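The values are calculated or read from the model by the stated rules, or taken from the named source; none is laboratory data. Note that the structure is predicted; figures quoted are calculated from it, not measured. Glycine gets a Cβ as well: all are built from the backbone with ideal geometry, and neighbour counts include every protein chain shown.
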């Protein structure tokens with residue numbers, strides 16, 4: 001019980017910091033998440049609200065990475081397992097979602113009623129905390145932004161949520 005309260009408190013603090021970061025005028029700022037132990041940076045303008053993982057209704061005849069649909073604040077959202085979509089791991093059954101997993105609803109400005117299932121929230125990051133990695137020349141999808149390295153040497157990949165929301169593969173949920 002205490003662990004759940006601590007997680008709720010962390011989520012509340014993150015939501016407050018997320019709102020504060022959106023209102024401050026400064027350089028690039030991201031919500032850092034982990035998917036299959038890969039660090040991902042999601043730009044704050046594309047990020048919406050963060051939710052705990054509730055009831056997910058599977059949808060037949062969809063891609064394995066499309067977990068299903070859920071109601072978030074009374075609005076129906078499709079749920080995409082981001083790690084599976086990115087090919088970082090095999091899709092997981094909805095019932096095997098870990099306690100630290102969260103749903104990140106995309107900002108309505110992205111034009112998609114979608115939420116991303118991420119394994120864990122890792123806080124907020126700013127450009128002043130990161131160092132840009134040189135482009136290694138490997139082909140990347142249009143939604144993959146720059147790679148960054150933090151002060152501890154961990155590599156983070158930026159994901160453009162608006163570009164992801166309109167990516168052909170992301171929109172093609174049907175099998």
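Worth pointing out:
- When each of 74, 87, 52 is tested for being farther than 18 Å from residue 170 by Cβ and out of contact with any strand residue (DSSP E or B) (no Cβ under 9 Å at 6 or more places or on another chain), the lone residue that passes is 74.
- When residue 3 is tested against the conditions (1) touching a strand residue (DSSP E or B) at 6+ places or on another chain (Cβ under 8 Å); (2) at pLDDT 70 or above, the lone failure is (1).
- Looking only at residues of segment 18-43 that are at pLDDT 70 or above and surrounded by fewer than 15 Cβ atoms within 10 Å (Cβ to Cβ), we find that the one that is nearest to residue 85 (Cα to Cα) is 37.
- Residue in segment 64-87 that is farther than 22 Å from residue 165 by Cβ and surrounded by fewer than 20 Cβ atoms within 10 Å (Cβ to Cβ) present: no
- The criterion of at least 3 residues that are closer than 20 Å to residue 44 by Cα is met by the following helices (runs of 4 or more DSSP H) wholly inside segment 63-174: 161-165.
- Scope segment 146-165; condition surrounded by 14 or more Cβ atoms within 10 Å (Cβ to Cβ) and more than 14 Å from the chain's Cα centre (by Cα); matching residues: 146, 147, 148, 149, 150
- Checked against (1) surrounded by fewer than 19 Cβ atoms within 10 Å (Cβ to Cβ); (2) closer than 21 Å to residue 11 by Cα; (3) free of Cβ contacts under 8 Å to residues at least 60 places away in the same chain, residue 126 passes all but a single condition, namely (3).
- Scope segment 60-71; condition in contact (Cβ under 8 Å) with a residue 24 or more places away in the chain and in contact with a strand residue (DSSP E or B) (Cβ under 7 Å, 6 or more places away or on another chain); matching residues: 61, 62, 65, 66, 67, 68, 70
- The single condition among (1) at pLDDT below 95; (2) crowded, with 19+ Cβ neighbours inside 10 Å that residue 95 does not meet is (2).
- Segment 36-49: number of residues that are within 11 Å of the chain's Cα centre (by Cα), within 15 Å of residue 125 (Cβ to Cβ) and part of a strand (DSSP E or B): 6
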